[in-house]
Each structure stands twice: as structure tokens, then as C-alpha cells.
Amino acid sequence: MTPKERMKALREGKPLDRIPCILGVSDHAARLIGAKTTELLFNPDKVVEAQVAARKVYDIQVLNAAPGLTGMAEAIGCKVEYPEDRAPYIAKHVVEDSSDLDRLEIPDPNKSGRLPVVLETAKKLQAALGSELPLSVGFTGPFTVAAQIRGTEQFMRDLYRDPEFAHRLLRFALDSDLAFLKEAAKIEGVDFSIGEPTASGSLISKKMFREYCFPYLKELVDAMKKVGGEAPSIHICGNTKKIWDDVADTGVGSFSIDDKMDLREAKNAIGDRVILMGNVKPIETMYLGTPEDVEKDVKECLKKAYDTPKGYVLALGCGLPRGTPPENIHALLDSVRRFGQYPFNLDNFS
């Protein structure tokens, strides 16, 4: 099966040849073409060149186009710094006072910040490799966007001190995502993914998640299903155990679990409601480990989650570090091909 056929069969509950594997190598792939990762943020052709190279070198199984965690905030008006060959960061938040929000306008996806670059990148990736690989257009979730435009620490204070203003921020963040979704949905055959790291149970309580994150996240998920047909995937960093049921209630199709969480526990809790993704350790295993460590981690993940009722996708517990040794990336993909074949040989997982 092609990766695209495999993911389609998984969603539809049909037989597969093996466990799917999703590995985003966008930043790391810059090295394959001798480019700085910063170049890929502004040049769609460089992104395509890098991901085509990653397909040839590593046999990657998915394509990615996303504005990153700072992209929507920048489009809204935040000042973003771009260190050479390092992750961008927000240097100045656009909502420093509550009155600042009243002056903001919903960003135009065809004009604002890097959003036009992301849309063009997605179109070019689809043309280059979309016939065989699924293409995911990434979104930063409303809770995280609100935190980015306000500043995370100040936003957390707002949740306690000024709930009405916090909800206004969240509504604005969601409307910005929905405007971007309207344009991204015009690209035929794309899937959607959501990154909502600030909604982590490591930062907020279950009660706060339900009040401040869930309604806006569910509305975004519903909108994605309406325009795209497929339920999106979501990744939330850190300890998410106390919100597993709530995340499933949003209607997402798959849930990417941080490597700090136990896949078996997640399977037993919500595996009959969502496809699980995860959760090979990105730092300890992929970045600092050896190919033997990678194989061991893959086996452990397969052992815990291969029989998830709704299905399982091997992936990392978070993003792939830029400096990951190439031999470890090869080991990850080779291991899932060797040990993730149907019918399963459970002895391979020991």
C-alpha cells in the first residue's frame, strides 16, 4: 500500500499491510539539501525540494505544511524573530493591554505574515508528491494562539483574573484559525492537524481545559470535518491524562500522545474512540540514542498499542530534533516496516 492508501484504510477501519508511520522531518530535511531551516520558512520551493529529498533518502510517509507555533501569532501582529537555523520566537506580543485586542483584525490568509507561504507550499507539495503521500496542513489551536498573542504567563493570569477577556482572546484566535481553514480547504485532498501545546495538563487543570479550551477546539474540529470530510489529528504536549476523555469528545480522528504518557493507558482509556499516535521519545531515543535504542523504543510502542481498537500510528512523542542522526531516522522507519507488518508476530515485540 502507498502511505496515502494505508492512512485511508486505517480511518475507514479496513485491513492494512502494516502499522502506518508518521514522521515530520521538515526542519531536519533542510540538511538534506544544504539549506538553513530558516530558508524553508519563506521559500515553498525549498520546502518541496527538502521533502522530496526526505522521501528519497528516508522514505518519509507524510507531507507537512504549517505556519508553526508562531505563524498565526505573527499574522495577527506579533513581532517574530528568526535566528539563523533555529526555531523562530515571539519577540513582542501584540496584545499587551486589553484595548489592543479591539484594534486587531482577523488576518487575511492570502496576505498576512507567512500564511500565504504555507498555502503555496501546500499546493506545491500536493502537486509534487500528493498522489502517494498524505498531506497535512497544520494549525495552531485557539488556546495556544491566544497565549501567543497575549504572552503565555499573562494569558494564564487572565484565565483567573479576567475570564471575560480571556474568552474574547480565544474567540479572536479561533476566528483567525477559521479564516485560514477556509483557504486551506480549497487545496484538494489535504488533511488537517492541530497543535495545541499550551493546553497541556502540565499547565492547566481539567476544569480550565473544559471551560477555556474545549468549546473553541471543538468548534475548530467541527469546521475541519465540515470542509474536509476527515476528522483532524491533534497533538497536546505534556501530561494529558486528565483530559483524554475531553480530547476524544472534541471529535478529533487521532490523538498524538506525548512520550511522557503511557500508550497502553491511553489505549485502555480512549482507544475505542480515537486513533492513537505516538510516542517514540524524540530526545532520549531519536536525538541522543542509537539505532538499537530506536528499535527497542519502536517495539515497546508497538507492544503497547498495536491492538488499539480504533487503530494505531507509530510516531514520535513530539517534534523531531533538527540534529537527529540520520541513522536513527532510518532505524525508526526500518523498524516499523519489520515489526509492524500484519499479521503481527507478538514475539517481535519482546
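Nothing in this text is a laboratory measurement; each read-out follows from the coordinates by a stated rule. A quick note: this is a predicted structure, and the numbers were derived from the prediction, not measured. So basically every Cβ, Gly included, is an ideal-geometry build from the backbone, and we count neighbours across all protein chains shown.
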Among the residues of segment 268-308, write down those that are assigned to a loop (DSSP other than H, G, I, E, B), in contact with a Gly (Cβ under 8 Å, 6 or more places away or on another chain) and either farther than 19 Å from K241 by Cβ or hydroxyl-bearing (S, T, Y) (or both).
Y306, T308
Looking at segment 62-77, is at least one residue closer than 30 Å to P309 by Cα, out of contact with any strand residue (DSSP E or B) (no Cβ under 9 Å at 6 or more places or on another chain) and not in a helix (DSSP H, G or I)?
no
Leading residue by the ranking (farthest from L316 (Cα to Cα)) among those in segment 204-254 that are within 19 Å of the chain's Cα centre (by Cα) and of a type in the set (S, T, N, Q):
T250
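Matching residues to (1) at negative phi; (2) surrounded by fewer than 23 Cβ atoms within 10 Å (Cβ to Cβ); (3) not charged (D, E, K, R):
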| site | (1), (2), (3) |
| --- | --- |
| E295 | yes, yes, no |
| A305 | yes, no, yes |
| P321 | yes, yes, yes |
| P326 | yes, yes, yes |
| H330 | yes, yes, yes |
| D334 | yes, yes, no |
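Any idea how many residues of segment 10-66 are closer than 17 Å to S193 by Cα and either touching a Lys or Arg at 6+ places or on another chain (Cβ under 7 Å) or of a type in the set (K, R) (or both)?
Adding up the residues that qualify gives 2.
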Evaluate the following for E5: is it surrounded by fewer than 17 Cβ atoms within 10 Å (Cβ to Cβ), assigned to a helix (DSSP H, G or I), of a type outside the set (K, R) and without any contact (Cβ under 8 Å) to a residue 24 or more places away in the chain?
yes
Odd one out for K281, checked against (1) buried (at least 16 other Cβ atoms within 10 Å of the Cβ); (2) closer than 22 Å to E12 by Cβ; (3) among the basic types (K, R); (4) free of Cβ contacts under 8 Å to residues at least 40 places away in the same chain:
(2)
Would you say S350 is surrounded by fewer than 17 Cβ atoms within 10 Å (Cβ to Cβ), free of Cβ contacts under 8 Å to residues at least 60 places away in the same chain and touching a helix residue (DSSP H, G or I) at 6+ places or on another chain (Cβ under 9 Å)?
yes
